[in-house]
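Data first, discussion second: the structure below is written as structure tokens.
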Amino acid sequence: MEMREHIISLPERIFIGNGIISRIDEYFSELGLTGPFLIVTGSNVRRLIVSKILDKIPADVIEVQEANLDEVRKVEEFAKKHESNVILGVGGGKAIDVAKFSAFELNKRFVSIPTAPSHDGITSPFAAIKGLGKPISMKAKEPTAIIADIDVLSSAPRRLINAGIGDTVGKIVAVRDWRLAAKLRGEYYGDYTASLALLSARHALNCTKIINKDLKYGVRLLVEALISSGVAMGMAGSTRPASGSEHLFAHAVEMLYPEGPLHGELVGVGTIMMAYIHGIKWKEIRKALIRIGAPVTAKQLGVPNEIIIKALTIAHTIRPERYTILGDRGLTWASAEKVARNTGVIT
Ligand SMILES: NC(=O)C1=CN([C@@H]2O[C@H](COP(=O)(O)OP(=O)(O)OC[C@H]3O[C@@H](n4cnc5c(N)ncnc54)[C@H](OP(=O)(O)O)[C@@H]3O)[C@@H](O)[C@H]2O)C=CC1
Ligand SMILES: O=C(CO)COP(=O)(O)O
Ligand SMILES: [Zn+2]
């Protein structure tokens, strides 16, 4: 068994609770964080949430629309010009990734302030930035602090909350793929980080039974699961515990159909189909996603059937170095169609 040497990147401090965004000034002085501060955010989040931060700390604000290299360069130029000392990512996965990657390149401190529990990039020291070659994440900066305000996170549209559950149940497949790679390819397998990622998935499944009755408690459970999945990535030194064939499917759809569904929605559907191929509890996963109203069909995703099938056939080419159940040759068109039909994703 290969015993890798790698650096474990973890957040320094995680603040989690109700209404805590209004304590940002206290947290920053506790951590010795001093300005100038730069908030990287999106237009919706700026309108809805950023003023709560500006009431407490002075900060420059820059809006981004996409997590791509142009937006990263824009943020970096701004940060250099304004001598920003700490970069805050305030928003969904895209704003957080742009802030995280810019902070990494400029070697500035990064603070993660998620406004939606839609992805596990809240904690991870990785960022998915388009224009760097592939639609997969790269090494970035670990957060100095995470401020997870449950009131803010619970006020996110339900679709975003459901996407976070989809991203998290994906770990069931990701860990299976990782074990397979260890068996078939002798790849390093981190038992502890795999267990941590699986624990997140278990909590996300449990969350589907709670969240319809008690939104805030459900969101709290989900956010903790997302944070700990990010910790698993930080400990593994790669996104391996959190991303396998279900993510490859999601990335393939994102490439073929860029204006399509949310990341976590695609991961949820990918998890159903890859769990089916693995021969594990795909029906239970599907049922859990249906319970919360998350999409489980191509129609609900708003993606044409052909794109789903095509994505299944090219998914194995996206990250050839990471072995998964899709193997080196992937699925044929006919077998991809069968998988999608047998799991009810296409009809
Ligand atoms: N680095 C990593 O390890 C990981 C990265 N990711 C990446 O994260 C991205 C997906 O993140 P996701 O959050 O799904 O998508 P987005 O960041 O695109 O957010 C989706 C939408 O939700 C809006 N929004 C966010 N919070 C609120 C709120 N509280 N109220 C109302 N609207 C809100 C955003 O508004 P606005 O327009 O203001 O931004 C945006 O329009 C992908 O790029 C994916 O690759 C995913 C998992 C892990
Ligand atoms: O989305 C992720 C984990 O949820 C990151 O995965 P990737 O490394 O495939 O981008
Ligand atoms: Zn993901």
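With contacts taken as Cα pairs under 8 Å and at least 6 residues apart, the chain reaches a relative contact order of 16 percent. Taken about its Cα centre, the stretch 69-110 carries a charge dipole of roughly 100 debye when the Cβ of each Lys and Arg holds +1 and the Cβ of each Asp and Glu holds -1.
Beta bridges from DSSP with both residues in the chain: antiparallel share about 10 percent, rounded to the nearest 5. Taking Cα atoms only, the orientation of helix 171-185 departs from the longest principal axis of the chain by about 60 degrees. Relative to the longest principal axis of the Cα atoms of the chain, the long axis of helix 263-278 makes an angle of roughly 30 degrees.
Positive-end ranking of SER228, PHE28, SER195 along the dipole of the chain, with charges on Cβ about the Cα centre, is headed by SER195.
Extents of the stretch 55-114, largest first, come to 29, 24, 17 Å (Cα atoms, principal axes, whole angstrom).
Shown here for the stretch 36-70: trypsin sites (Lys or Arg not before Pro) in loop regions (DSSP other than H, G, I, E, B) with at most 16 other Cβ atoms within 10 Å, namely LYS56.
Would you work out the charge dipole size for the stretch 13-154 about its Cα centre, treating the Cβ of every Lys and Arg as +1 and the Cβ of every Asp and Glu as -1, and quote it to the nearest 20 debye? Before the final figure, lay out each step's value.
On the way: 18 positive and 18 negative charges, 51 e Å.
Using Cβ point charges on Lys, Arg, Asp and Glu, the stretch 13-154 gives about 240 debye.
Once the other residues with Cβ under 12 Å from the Cβ of PRO114 are scored (Lys, Arg +1; Asp, Glu -1), what is the net sum?
Values: positive: LYS94, LYS100; negative: ASP97, ASP120, ASP149.
That works out to -1.
Rounded to the nearest 10 degrees, what's the angle between the helix 333-342 long axis and the longest principal axis of the chain, both from Cα atoms, 0 to 90? It is inclined by approximately 80 degrees.
Compute, for the stretch 158-342, the length of the dipole vector about the Cα centre, with Cβ point charges of +1 (Lys, Arg) and -1 (Asp, Glu) only. Units Debye, rounded to 20. Show your work: numbers first, answer last.
Details: 25 positive and 15 negative charges, 128 e Å.
So the magnitude is around 620 debye.
Using only the Cα atoms, what convex hull volume per residue in Å³ does the chain have? Don't skip to the end; give the middle numbers.
Details: hull volume 40.4 nm³, N = 347.
Dividing the Cα hull volume of the chain by its residues yields 116 Å³.
Taking the number of Cβ atoms within 10 Å of each Cβ as an exposure proxy, the fewest-first ranking of LEU153, LEU88 is LEU153, LEU88.
Quick note: the coordinates plus some simple rules give every number you see, no bench work behind them. Remember, it's a predicted structure, so these values are computed and weren't measured experimentally. All Cβ positions, even for glycine, are placed from backbone atoms using ideal geometry, and neighbour counts span all protein chains on display.
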